[in-house]
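Below: the structure, in structure tokens.
The values are calculated or read from the model by the stated rules, or taken from the named source; none is laboratory data. Model, not experiment: these values are computed from the prediction. When we count neighbours, we look across all protein chains shown, and the Cβ atoms used for this are built from the backbone with ideal geometry, even at glycine. The area values use the complete protein model at the heavy-atom level, side chains included, leaving out ligands, DNA and RNA. Shrake-Rupley method; radii C 1.70, N 1.55, O 1.52, S 1.80 Å.
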Amino acid sequence: QVQVVESGGGSVQTGGSLRLSCAASGTISGFYVMTWYRQTPEKERELVTSISKFGNANHGPGWKDRFAISIDDATKTMWLQMNSLQPEDTAVYLCRLTVSGVDHWGQGTQVTVSA
């Protein structure tokens, strides 16, 4: 049974920072990719970025240059460092683990940025 758990969300003021974590557990072997999406009630789910177990990242439309992505293969944990947060970054951030052709989703973590 594979589990994916996000954490690190919260409420910050404009200009603040948050570090989101996504931890995967269970039987995870071979190549895998972990991906961050974000979603608001007004917009469809938006790809932020993805990173492979080897640390190769690919950014999506939701990526900002003030973000940073990293991964630790030993613990199957991915982090999204978000700096200089803006109100438009407010969203639920969801993590997806893709391994052996199967997607595993977390429940999401809420990020709220107030003006």
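Contact annotation: residue pairs with Cβ atoms under 6 Å, 6 or more positions apart or on different chains, pairing a residue in the stretch 98-109 that is closer than 15 Å to Ser25 by Cβ with a partner that is open to solvent by less than 70 Å² (accessible area, probe 1.4 Å) and of a type in the set (Phe, Trp, Tyr), are Val99/Tyr32.
Just the residues that are in contact (Cβ under 8 Å) with a residue 40 or more places away in the chain, among the hydrophobic types (A, V, I, L, M, F, W, C) and over 21 Å from Glu44 (Cα atoms), please, taken from the stretch 59-86. Answer for the stretch 59-86, where residues must be in contact (Cβ under 8 Å) with a residue 40 or more places away in the chain, among the hydrophobic types (A, V, I, L, M, F, W, C) and over 21 Å from Glu44 (Cα atoms): Met78, Trp79. Taken over the stretch 3-16, the criterion of being assigned to a loop (DSSP other than H, G, I, E, B), more than 13 Å from Trp79 (Cα to Cα) and open to solvent by 30 Å² or more (accessible area, probe 1.4 Å) is satisfied by Thr14, Gly15. Thr27 falls short on exactly one of the conditions (1) within 18 Å of Ser100 (Cα to Cα); (2) open to solvent by less than 60 Å² (accessible area, probe 1.4 Å), and that condition is (2). Ile51 meets all of the listed conditions (1) out of contact with any Leu (no Cβ under 8 Å at 6 or more places or on another chain); (2) in a loop (DSSP other than H, G, I, E, B) but one, namely (2).
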